[in-house]
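The values are calculated or read from the model by the stated rules, or taken from the named source; none is laboratory data. Note that this is a predicted model, so its numbers are computed, not measured. Here the Cβ is made from the backbone with ideal geometry for all residues, glycine too, and neighbour counts use every protein chain on show.
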């Protein structure tokens with residue numbers, strides 16, 4: 001019966017979930033981003049941190065784990081091994097870890113359920129906190145950390161010490177005798193259907209969660225990607241294009257973006273460049289990856305040249321168990337993926353990289 005219902009209703013329910021979980025509006029989103037950025041600059045420590053970096057820095061950015069209760073509605077369960085391997089790798093190399101939000105799925109689960117079933121991941125995150133190298137932001141699915149009076153108690157229970165959860169971070173990074181402002185936030189700001197809106201919370205917790213659990217649906221896969229995600233990314237890019245020497249990194253859409261283009265779009269661009277250069281081996285390699293479905297994402301309305309000002313970490317809850325994130329290391333920014341190899345061992349893969357100075361403009 002479950003398989004029959006999956007075939008009949010999966011596509012419809014995913015479209016319905018998208019309708020009630022995201023409705024981006026450019027004017028609202030741009031105003032919200034401008035307001036948050038200004039507040040952090042003028043009142044650092046209130047809504048977000050302002051941190052000046054030197055030439056040497058190591059930072060890993062992950063978002064959207066959506067840790068749950070290990071039931072079939074827990075999108076993070078298959079990704080836990082890759083996530084733990086990644087955190088072990090970055091902790092050993094003394095990276096700063098900035099979590100961009102939706103780390104805990106608190107629309108579909110209680111905090112106690114999440115704490116009970118995610119002790120290993122919280123312990124791995126605590127290793128960064130113990131080095132004073134952990135920054136935690138909130139998203140729309142873990143808005144609880146920002147607006148519930150008991151949040152501080154729960155966080156202290158998880159990490160063994162007090163921890164402040166912010167809405168954003170601004171890194172000031174030296175680049176080519178100038179300074180780049182790297183603005184980090186979850187990316188749900190200004191979206192009424194996900195920015196703490198009661199209807200979206202009710203839909204996810206009352207309808208979507210139980211249905212997803214029964215039908216065993218995970219929408220975070222290329223088959224369920226939709227234009228709405230790309231539209232949201234486009235709105236984010238449009239805001240950054242109006243700024244000077246500023247780049248924005250968000251999560252929220254679960255769609256990896258590097259230098260303002262989705263990874264899928266950049267792959268098409270690389271294929272075109274390889275064809276022009278006569279690099280047939282690279283063309284065959286990239287086309288094979290596309291055919292195998294190893295590259296997720298959809299194309300946005302904009303494929304032509306653009307400013308390299310918008311990035312998206314993707315997520316840590318893809319249905320195949322892979323996770324994606326953004327690395328910052330000594331003036332270089334990378335889109336990375338962690339996935340298991342043929343021996344079932346998690347491996348780090350660099351998908352894209354560029355110098356920080358290329359983000360200026």
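Summary table below
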read-out	value
Strands (runs of 3 or more DSSP E) wholly inside region 43-148 that include at least 2 residues being modelled with pLDDT of 95 or more, surrounded by fewer than 17 Cβ atoms within 10 Å (Cβ to Cβ) and touching a strand residue (DSSP E or B) at 6+ places or on another chain (Cβ under 6 Å)	48-52
Residue count for region 157-174, restricted to those that are out of contact with any strand residue (DSSP E or B) (no Cβ under 8 Å at 6 or more places or on another chain) and buried (at least 17 other Cβ atoms within 10 Å of the Cβ)	2
Given (1) at pLDDT below 75; (2) more than 23 Å from residue 103 (Cα to Cα); (3) in a loop (DSSP other than H, G, I, E, B), index of the condition residue 5 fails	(3)
The lone exception for residue 179 - which of (1) closer than 30 Å to residue 44 by Cβ; (2) at pLDDT 65 or above; (3) assigned to a loop (DSSP other than H, G, I, E, B) it fails	(3)
Options 259, 233; residue that is closer than 19 Å to residue 353 by Cα, at pLDDT below 85 and buried (at least 20 other Cβ atoms within 10 Å of the Cβ)	259
Looking only at region 304-341, and only at residues there that are in a strand (DSSP E or B) and within 10 Å of the chain's Cα centre (by Cα), the one that is nearest to residue 256 (Cα to Cα)	312
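Okay, residues lined up against (1) under 23 Å from residue 182 (Cα atoms); (2) in contact with a helix residue (DSSP H, G or I) (Cβ under 8 Å, 6 or more places away or on another chain); (3) in contact (Cβ under 8 Å) with a residue 60 or more places away in the chain:
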residue: 50; (1), (2), (3): yes, yes, yes
residue: 55; (1), (2), (3): yes, no, yes
residue: 60; (1), (2), (3): yes, yes, yes
residue: 63; (1), (2), (3): yes, no, yes
residue: 85; (1), (2), (3): no, no, yes
residue: 102; (1), (2), (3): yes, no, yes
residue: 115; (1), (2), (3): no, yes, no
